[in-house]
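The values are calculated or read from the model by the stated rules, or taken from the named source; none is laboratory data. Just so we're clear, the structure is a prediction, and the values are computed from it rather than from any experiment. Cβ placement follows ideal geometry from the backbone for every residue including glycine, while neighbour counts extend to all protein chains displayed. For accessibility, only protein heavy atoms count, side chains too; no ligands or nucleic acids. Shrake-Rupley method; radii C 1.70, N 1.55, O 1.52, S 1.80 Å.
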Amino acid sequence: MAEPLVAIRNLKLEAGTARGRAAILRGIDLEIGRGRILGLVGESGSGKSSLAACLIGLTPANTSAISGEIRFDGQNLVGLDPTAFARLRGRRIAMIFQDPMTALNPLFTIGTHLVDVLRHRDPGLSRAAALSEATAMLVKVGIADPEARIAAYPHQLSGGMRQRVMIAMALLMRPDLLLADEPTTALDATVEAQIVELLAALRREVSGSIVFISHHLGLVAQLCDDVAVMYGGTVVETGPVDAVLTDPRHPYTRALIACEIDEDDAPGGRLLSIPGEVPDPVRPMTGCIFAPRCAHAVETCRSEVPELRTSGDGRRAACLRFEELP
Ligand SMILES: Nc1ncnc2c1ncn2[C@@H]1O[C@H](COP(=O)(O)OP(=O)(O)OP(=O)(O)O)[C@@H](O)[C@H]1O
Ligand SMILES: [Mg+2]
């Protein structure tokens with residue numbers, strides 16, 4: 001198999017909090033294949049955004065003690081100096097956020113944003129050439145009347161339209177790694193479906209790899225090649241999306257899928273959740289992090305930390321008992 005674009009080994013991230021040191025990432029092992037779309041799923045607080053923050057070098061100020069390794073095309077990003085990281089950002093690694101307003105400057109037009117991105121990539125480009133490339137990209141992301149939109153300010157566009165602009169900006173960078181942190185969560189269901197369709201249609205435009213973070217397993221199944229299921233700052237299961245979602249090995253993956261199926265049937269779109277609480281990052285972990293909520297846990301699960309082990313079909317699961325489970 002070709003060398004993955006990103007290989008993460010035993011990545012740990014801690015943060016200082018009023019209650020003590022919090023373990024946000026507890027030893028992540030994960031690979032992102034070249035040209036593949038990896039879905040990152042898991043309940044709120046499982047560490048998805050924190051992992052993305054490590055990948056783009058923007059961890060919060062109170063986080064410290066990042067350890068392990070993130071090999072990005074051979075270069076270790078853990079401990080990389082901020083200037084070198086800034087050079088990678090916006091050229092080789094780009095991010096689309098949940099709320100595009102956080103990334104768009106209200107004082108600048110859409111055209112200025114797009115031209116800036118292009119000039120960052122290619123400083124010699126003339127403004128006219130940049131504007132014409134920007135206009136063509138707006139058409140590609142489904143923005144009608146691009147000449148008018150290019151003169152508009154961010155607040156003059158709808159939420160869905162702003163997210164399309166963010167996608168256009170990300171595509172213009174031609175990054176090797178594109179991180180999309182819940183890019184559709186703030187949108188209503190119809191617009192969300194349109195944006196996911198757009199991302200699926202545009203995947204040919206991106207020669208690099210994409211990490212797509214989502215709460216919604218259905219969207220991940222539609223868009224992604226691979227999936228990694230996160231829980232309590234760990235990856236509990238990973239592999240090709242079809243294999244993992246149709247035949248999950250880890251009890252947590254099974255519980256997540258069961259919730260989503262029930263949710264689709266529930267009247268009024270009631271939010272269902274797995275019984276029990278997500279682990280407290282300040283509490284030290286002994287044994288399997290999911291054991292307190294797991295219906296299959298036995299004594300050893302409470303004392304032994306399970307490693308990610310191969311479970312066939314290129315899949316790996318971190319469960320001591322996955323072979324025995326029905
Ligand atoms: N800077 C920080 N200081 C202290 N705790 C933090 C910090 N950043 C994240 N955490 C904690 O780390 C855990 C993981 O947070 P993170 O935002 O990565 O989760 P997430 O999977 O992205 O959740 P969501 O689905 O809600 O976006 C949470 O318990 C969160 O409270
Ligand atoms: Mg998040």
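Figures for the structure shown
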quantity	calculated
Any pair with Cβ under 8 angstrom, 6 or more apart, that starts in the range 105-120 at a residue that is among the small types (Gly, Ala, Ser) and ends at one that is open to solvent by less than 80 Å² (accessible area, probe 1.4 Å)	GLY111/LEU131; GLY111/ALA134; GLY111/ILE150; GLY111/ALA151
Options ILE70, ILE24: the member that is buried (at least 17 other Cβ atoms within 10 Å of the Cβ) and in contact with a Cys (Cβ under 8 Å, 6 or more places away or on another chain)	ILE70
Residues that are crowded, with 21+ Cβ neighbours inside 10 Å and within 16 Å of ligand 2 (Cβ to nearest atom), drawn from the range 35-51	LEU38, GLY39, LEU40, VAL41, GLY42, SER46, GLY47, LYS48, SER50, LEU51
Subset of the range 160-192 (residues that are within 14 Å of the chain's Cα centre (by Cα) and open to solvent by 40 Å² or more (accessible area, probe 1.4 Å))	THR185
Restricting the range 225-259 to residues that are assigned to a loop (DSSP other than H, G, I, E, B) and within 16 Å of the chain's Cα centre (by Cα), the residue that is surrounded by the most Cβ atoms within 10 Å (Cβ to Cβ)	GLY233
Members of the range 156-196 found to be more than 24 Å from HIS120 (Cα to Cα), more than 16 Å from ligand 1 (Cβ to nearest atom) and assigned to a helix (DSSP H, G or I), listed by number	GLN156, GLY159, GLY160, ALA189, THR190, VAL191, ALA193, GLN194, ILE195, VAL196
Restricting the range 91-114 to residues that are part of a helix (DSSP H, G or I) and open to solvent by less than 60 Å² (accessible area, probe 1.4 Å), the residue that is nearest to ligand 1 (Cβ to nearest atom)	PRO100
Top-ranked residue of the range 213-260 - restricted to ones that are of a type in the set (S, T, N, Q) and touching a residue at least 12 places away in the same chain (Cβ under 8 Å), ranked as nearest to ALA7 (Cα to Cα)	THR238
Inter-residue pairs, beta-carbon under 6 Å, first among the charged types (D, E, K, R) and in the range 168-188, second more than 12 Å from ligand 1 (Cβ to nearest atom), 6+ apart	ASP176/ARG92; ASP176/GLY208
Filtered residues of the range 291-320 (kept if in contact with a Gly (Cβ under 6 Å, 6 or more places away or on another chain), assigned to a helix (DSSP H, G or I) and open to solvent by 50 Å² or more (accessible area, probe 1.4 Å))	ARG302
Scan of the range 53-65 for residues that are buried (at least 18 other Cβ atoms within 10 Å of the Cβ) and more than 8 Å from ligand 1 (Cβ to nearest atom), ordered by number	CYS54, LEU55, ILE56, GLY57
